[in-house]
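Read-outs: derived from the displayed coordinates by stated rules, not from any lab. All values derive from a computational prediction rather than experimental measurement. Neighbour counts run over all protein chains shown; Cβ positions are idealised from the backbone, glycine included.
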Amino acid sequence: MSQKWLEKFGGYENEAEGTNYEIPPFKVSSKCCYYLKEKPCDDWAREHNSVPFLGLMASEGGRRAKSLKINGCNYFGKSTIRSAPFAIFNRQDILQLALDLDVPVPEIYGSIERREDGTLYTTKAQRTGCTMCGFGIHMEKRPNRFDLRYQVNPKEWDFWMNHCCKDDSGNDYGWKIVLDYIGIDWRPYGLDGKVLPEFE
């Protein structure tokens, strides 16, 4: 973890480590993907005596890449069976295939365009995953994925920004408190790159 994030989130170990880092005013966990993606997928597969097909690609890196490189496209574990038919492809392969087959691109991605260097990209979302996942949001230019979510579904945006969690007193909160804490403006931008008038 970089020093910047240690200073914002490393305070849980201040006493043990002799540091003076901050402790965020909200819960922090690495279990999000487990509860929102992995467990529901596994539960559904068990209930329906089925095996899921997942759109994972090794090119996404991290734990996924390591697992796919070790196990290949089809994984047969003691309690889990999964198939990831896209594992060997990267994003450029998938975008080129979509162009070659002239398949419709979901609206959230916009259209597929080509940069001067030949690299393909989508004009809106680059990846979707969980619609309001904030991982890496500090590296995005505006309008970012949260801005796009507001444009697509303002009610969903409001839920994730203001109501998806409860504090110890039972009050609702959401991404706003997290974004304020890490110094990211959450006010929705329009496609013109300006804060929408109702949030100025």
Per the Kirkwood formula over distinct C-alpha pairs, the hydrodynamic radius of region 129-200 in angstrom is 12.6
Cys residues of the chain counted as unpaired, since no other Cys beta-carbon is under 4.7 Å: CYS32, CYS33, CYS41, CYS73, CYS164, CYS165
Projected onto their principal axes, the Cα atoms of the chain stretch, largest extent first, over whole-Å spans of 50, 48, 35
With just the Cα atoms defining each centre, how far is region 115-187 from region 29-98? Give it in Å. 23
Förster radius 41 Å - calculated FRET efficiency between PHE199 and HIS48 (Cβ-Cβ, nearest 0.05): 0.45
In whole angstrom, largest first, the equivalent ellipsoid semi-axes that the Cα gyration tensor gives for region 42-87 are 20, 11, 8
What is the calculated FRET efficiency for GLU113 to MET139, with r their C-beta to C-beta distance and R₀ = 22 Å, to the nearest 0.05? 0.60
Calculate the FRET efficiency for ASP93 and LYS69 from the Cβ-Cβ distance with a Förster distance of 25 Å, rounded to the nearest 0.05. 0.90
